[in-house]
1. So, in the stretch 91-112, exactly how many residues are open to solvent by 60 Å² or more (accessible area, probe 1.4 Å) and under 20 Å from the mean Cα position of the chain (by Cα)?
2. Please give the number of the condition residue 20 fails out of (1) crowded, with 16+ Cβ neighbours inside 10 Å; (2) over 19 Å from the mean Cα position of the chain (by Cα).
3. Among the residues in the stretch 108-118, are any touching an Asp or Glu at 6+ places or on another chain (Cβ under 7 Å) and part of a loop (DSSP other than H, G, I, E, B)?
4. So is residue 40 aliphatic (A, V, I, L, M), closer than 24 Å to residue 114 by Cα and open to solvent by less than 60 Å² (accessible area, probe 1.4 Å) or not?
5. Checking residue 2 against (1) farther than 25 Å from residue 146 by Cβ; (2) at pLDDT 90 or above; (3) open to solvent by 60 Å² or more (accessible area, probe 1.4 Å): exactly one of these is not met. Which one?
6. Give me the pairs: first residue in the stretch 136-164 and under 13 Å from residue 36 (Cα atoms) and free of Cβ contacts under 8 Å to residues at least 60 places away in the same chain, second residue among the aromatic types (Phe, Trp, Tyr) and in a strand (DSSP E or B), beta-carbon distance under 7 Å, and six or more apart or on different chains, which are they?
7. I'd like to verify a number: residues in the stretch 120-134 that are without any contact (Cβ under 8 Å) to a residue 40 or more places away in the chain and either surrounded by fewer than 13 Cβ atoms within 10 Å (Cβ to Cβ) or assigned to a helix (DSSP H, G or I) (or both), how many?
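The values are calculated or read from the model by the stated rules, or taken from the named source; none is laboratory data. Because the structure is predicted, anything quoted here is derived from the model rather than measured. Cβ coordinates were reconstructed from backbone atoms using ideal geometry, including for glycine residues, and neighbour counts include every protein chain displayed. Side chains are part of the model used for accessible areas, which takes the heavy atoms of the whole protein and leaves out ligands, DNA and RNA. Shrake-Rupley method; radii C 1.70, N 1.55, O 1.52, S 1.80 Å.
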Amino acid sequence: DVTKLSVHTREIGLAGIEVYDLLRDEYDIQIEFGDLGNFLAYLSIGDRPREVERLVSALAEVRRRFGKPDAAGLMRQEYIDPQVVLSPQDAFYAEKQSLPLEESAGHVCSEFVMCYPPGIPILAPGELITREIIDYILYAKEKGCLLTGTRDMNLETIQVVEGG
């Protein structure tokens, strides 16, 4: 789709959600969304060349003012292959217990954990919670992503299958 402008941000040492926030807060430019490594802007017939130039200028300034010399500290992996150990239905309707997120590795998740943007589940009911997934969730929280789908809106705790 030629109206979508997707920009990879890791090369300047920033997560996409960080560039999204900077464009909104520092330059009054609203783009569609930012995730952990990219942002997406829409261009339309109503956008004049000067608005596109303003976006390009803002991006150059973001790189100059806020960019980091390397991408150290940025998570490289955006997809973690899930380990489904119980059917989603069985896990969703199973007896649950709430555990601190940091202590949930090795348990079976009984709720959704989604990172918005883009809104794709990090965990779904029936999937095994691993240390890698916990680290990803903590990283997304640190970068300012909105995590949804959980009973605990702050995601300090997570619902797991009782005894699982």
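1. Selection size over the stretch 91-112: 2.
2. In the conditions (1) crowded, with 16+ Cβ neighbours inside 10 Å; (2) over 19 Å from the mean Cα position of the chain (by Cα), residue 20 misses (2) alone.
3. yes
4. Values: aliphatic (A, V, I, L, M): yes; closer than 24 Å to residue 114 by Cα: yes; open to solvent by less than 60 Å² (accessible area, probe 1.4 Å): yes.
Spelling it out, residue 40 is indeed aliphatic (A, V, I, L, M), closer than 24 Å to residue 114 by Cα and open to solvent by less than 60 Å² (accessible area, probe 1.4 Å).
5. (2)
6. Taking only residues 6 or more apart or on different chains, the pairs are 146/116.
7. 3
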